[in-house]
1. B:Leu78: assigned to a loop (DSSP other than H, G, I, E, B), facing another protein chain (nearest Cβ under 9 Å) and more than 27 Å from A:Trp52 (Cβ to Cβ), yes or no?
2. Scan the range B:60-73 for residues that are surrounded by 11 or more Cβ atoms within 10 Å (Cβ to Cβ) and either more than 7 Å from chain A (Cβ to nearest Cβ) or part of a helix (DSSP H, G or I) (or both) and jot them down.
3. Could you give every pair whose Cβ atoms fall below 8 Å, whose first residue belongs to the range A:23-39 and is within 7 Å of chain B (Cβ to nearest Cβ) and assigned to a loop (DSSP other than H, G, I, E, B), and whose second residue is surrounded by fewer than 12 Cβ atoms within 10 Å (Cβ to Cβ) and at pLDDT 85 or above, counting only separations of at least 6 or pairs across chains?
4. For the structure I just gave you, tell me whether B:Gly49 is on the phi > 0 side of the Ramachandran plot and either in contact (Cβ under 8 Å) with a residue 40 or more places away in the chain or of a type outside the set (A, V, I, L, M, F, W, C) (or both).
5. Within the range B:26-44, which residues are more than 23 Å from B:Val64 (Cβ to Cβ) and of a type in the set (S, T, N, Q)?
6. Considering only residues that are at the interface with another protein chain (Cβ under 7 Å from one of its Cβ atoms) and surrounded by fewer than 20 Cβ atoms within 10 Å (Cβ to Cβ), which ones fall in the range B:14-24?
Amino acid sequence: MAALAFAGGTLAAQQKGSEPPAIEFVKVWNDGPSSFEELEGKVVILDFGATW
Amino acid sequence: MSDEEEGKIEKTFINDLGAKYPMAKINKSDTQKYGIRFYPSIYCFAPDGTVHSVPDDRMPSEAVIKTLLQNVSLAPKLPDGARYAPVRSMWEGKQYKKLDTYLTKILGADKLDDEMRTVFEGQREELDKRAAKQVARVGKVSQGPDYFAAKATLQKIQKEWLGFEAAGAAKIELARFAKDRTIKKEIAASKSLNKLLRKYDPNKISQRRKLKDGLLKFAKKNAGTYAGEDAAKQAARFR
C-alpha cells in the first residue's frame, strides 16, 4: 500500500488533497466547459490522452 | 484532453472514435504542470476543488474510474469534526432540501459560535450556488438537440433538487417535452437508436457490417432528427 502511494507520488506533479492548477481550454468539443472555473463544485475526471 | 493539434484531436477522438464526452485541446505547458508522462493518465477532482486521485503507472480501466467515483466525497470543503458530520452526510446523500432546512435552522440559532457561523454561512453560499447552477442547467439542456439525454437529466434534477427552483423548472420542461410533437419524435428516435446500438457489437467483424447497414437505414428513416444525424456520423466511422 505504501509502495503504491509512493509510486503515485513520484509520477504525478500534483498531490492528493492539493488544489489543482488551472488549465486553459484552447478548444472544446461535445459541449465541454468553456473554462476551468466551470468545473468548480463537480466531480471531475481529467483524462490526458494522446494519439499514436 | 490532449495537447496535440486540433485537427488530430478532432479526427481521432471525435470522428474516428466517436467520443461523446467533452474533449479539450490544451497547451503543452498545462500537460507539463500535471507531470504527465504516460497516456492515458487520469486525475480525479473532488467537488471541494481538491485533487482526489493522481495518476499511477497502471492503465486506467473502467473499474478504476468506477471506484474513484464511488469514493470521492460530494461535500464541499468542510473542517473536520463531528459537529459538521450531519452537513457532510447530507451533501454525500444529495439531500439538498434537508440540508437547506438544516442550515436555515442552525443559522437562525442564537447560540452559535463565530467559527461555526462562518462555516455554515459558507455551506449556505455553496448550496445556493449549486442550486442556481441547476436552474441554468435546466435552461441549457432543455434547448436540445439531444432531448433524450435532456429528459434523463431533467428527471434527475427534478428528483434530487425537489423543493428548489430547479426542480420546478425541470418539471415544466418535462411537461413541455411530453406535449411537443417534435420533441416526442426526437426522443423516440434516440430510444430506437440506442436499441439498435445495443443489438450489435462493433468489435465483432461479423456484426460490424450489420450495424453499419442498420445505422445507414436508420439515418435515412430518421433524417432531420438528432438521432438520425448521430446515426449517419456513427455509420461513417465504419469503413
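The values are calculated or read from the model by the stated rules, or taken from the named source; none is laboratory data. Everything numeric in this text was worked out from a predicted model, so none of it was measured. Cβ atoms come from the backbone with ideal geometry, glycine included; neighbour counts cover every protein chain shown.
1. When the stated conditions are applied, B:Leu78 does not pass them.
2. Answer for the range B:60-73, where residues must be surrounded by 11 or more Cβ atoms within 10 Å (Cβ to Cβ) and either more than 7 Å from chain A (Cβ to nearest Cβ) or part of a helix (DSSP H, G or I) (or both): B:Pro60, B:Val64, B:Ile65, B:Thr67, B:Leu68, B:Leu69, B:Asn71, B:Ser73.
3. Pairs found: A:Asn30/B:Tyr21.
4. When the stated conditions are applied, B:Gly49 passes them.
5. Within the range B:26-44, B:Asn27, B:Ser29, B:Gln32 qualify.
6. Hits for the range B:14-24 are B:Ile14, B:Ala19, B:Lys20, B:Tyr21, B:Pro22.
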